[in-house]
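Trainee: Dumping the structure here so I can ask a few things about it.
FYI, it's all coordinate maths here, none of it is from the lab. Computed from a predicted model, the values in this text were never measured in an experiment. Counting neighbours? That spans all protein chains shown, and the Cβs are built from the backbone with ideal geometry, glycine included.
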Amino acid sequence: MQARRSPLAFFLLVLALAIPLWLAGPRLGVIGELRIPASDLALAFVPMVAALVLTARSEGWRAAADLLRRAFDPTSLRGRWLAATLLLAPAIYLAVWLVMQAAGHGGVPARLGPVTLLLLFGLFLVLAAGEEVGWMGYAFDPLQRRWGAVGASLVLAVPWWVGHLPSMRAIGATASDMAWWVLGAAALRILIAWLYNNGGGTLFAAVLFHALLNLGRIATYPAMGSHYDSVWQATGYVVAGGLACAALLRSRPSTLTR
């Protein structure tokens, strides 16, 4: 039934749903000390809504419900790929921290207690599912069949990059930050695809890694809210790019598996 899935229809529906939220973003403002744009809470679910609507239309509501279930099924991820999914994001942020300390560009991260971190993780897990149900759960597989895993990842990186620009601007990102995000979007989408395919097409791997990326940035980067200290951001994207290159060197480009 997945042969009926149309990435083009998905991208167009995502765009149609996102435009009103982008336009409303400046009026809605940001949320609290974390300075998360209020519109982002709705925008995060746009890919999910588009995917569920299109899946229900072409395959039925049972298929749509199964797609949603896959995003929250931890039993689908086991063994070394569970470990890889849990450790990859912390490894990125540890490497960034070490580089920043060595370069004398340190800083004090946000002081967040364990309860706050747990609540944020729950929030980021739901928000990550809102995105990855669409990007990986709906669009990735048909794109991969046509362009291979790397090609599909780079295609998805384009709307993922564009979709973050309004909120990045709202919280103070510079043009340089947005340019560095090109590298970040491409590298992180390749790493997500690497975890997804090696985990056996496990959507939960994409959701969990995405959530840990957001949590790690909040917990380790030395700024509340925007986290757009350009040096830290650029370093993070370079580290992710290096890891993506390592995954490519050890994998077949068509599948990102060995």
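Trainee: On the basis of being farther than 11 Å from VAL96 by Cβ and in contact (Cβ under 8 Å) with a residue 24 or more places away in the chain, does ALA186 make the cut?
Mentor: Numbers: farther than 11 Å from VAL96 by Cβ: yes; in contact (Cβ under 8 Å) with a residue 24 or more places away in the chain: yes.
Against the criterion (farther than 11 Å from VAL96 by Cβ and in contact (Cβ under 8 Å) with a residue 24 or more places away in the chain), ALA186 qualifies.
Trainee: Is it the case that ARG189 is assigned to a helix (DSSP H, G or I) and more than 17 Å from the chain's Cα centre (by Cα)?
Mentor: For ARG189, the condition - assigned to a helix (DSSP H, G or I) and more than 17 Å from the chain's Cα centre (by Cα) - is not met.
Trainee: Still on this structure: Looking at GLY163, GLY134, GLY130, GLY79 in this structure, which one is out of contact with any Cys (no Cβ under 8 Å at 6 or more places or on another chain), over 30 Å from ARG5 (Cα atoms) and not aromatic (Phe, Trp, Tyr)?
Mentor: Values: GLY163 fails: over 30 Å from ARG5 (Cα atoms); GLY134 fails: over 30 Å from ARG5 (Cα atoms); GLY130 fails: over 30 Å from ARG5 (Cα atoms).
Being out of contact with any Cys (no Cβ under 8 Å at 6 or more places or on another chain), over 30 Å from ARG5 (Cα atoms) and not aromatic (Phe, Trp, Tyr) holds for just one of GLY163, GLY134, GLY130, GLY79, which is GLY79.
Trainee: Another one. Determine whether ALA152 is surrounded by 20 or more Cβ atoms within 10 Å (Cβ to Cβ), under 29 Å from LEU23 (Cα atoms), over 16 Å from the mean Cα position of the chain (by Cα) and touching a residue at least 40 places away in the same chain (Cβ under 8 Å).
Mentor: Details: surrounded by 20 or more Cβ atoms within 10 Å (Cβ to Cβ): yes; under 29 Å from LEU23 (Cα atoms): yes; over 16 Å from the mean Cα position of the chain (by Cα): no; touching a residue at least 40 places away in the same chain (Cβ under 8 Å): yes.
Criteria not met by ALA152.
Trainee: If you don't mind, another one. Scan segment 57-70 and report the pairs whose first residue is touching a residue at least 12 places away in the same chain (Cβ under 8 Å) and whose second residue is among the basic types (Lys, Arg), with Cβ atoms within less than 8 Å and a gap of 6+ or a chain change.
Mentor: Short answer, once both residue conditions are applied: SER58/ARG4; SER58/ARG5; GLU59/ARG4.
Trainee: If we keep just the residues of segment 95-119 that are in a helix (DSSP H, G or I) and in contact (Cβ under 8 Å) with a residue 24 or more places away in the chain, which is surrounded by the most Cβ atoms within 10 Å (Cβ to Cβ)?
Mentor: Here is the first cut: in segment 95-119, the ones in a helix (DSSP H, G or I) are 95-102, 114-119.
Checking which are in contact (Cβ under 8 Å) with a residue 24 or more places away in the chain leaves us with 95-97, 99-100, 117.
Values: ALA95: 17, VAL96: 24, TRP97: 19, VAL99: 16, MET100: 20, LEU117: 14.
My answer is VAL96.
Trainee: So which residues in segment 77-90 are surrounded by fewer than 17 Cβ atoms within 10 Å (Cβ to Cβ) and either over 16 Å from the mean Cα position of the chain (by Cα) or outside any helix (DSSP H, G or I) (or both)?
Mentor: Listed by number, the residues that qualify are ARG78, GLY79, ARG80, ALA83.
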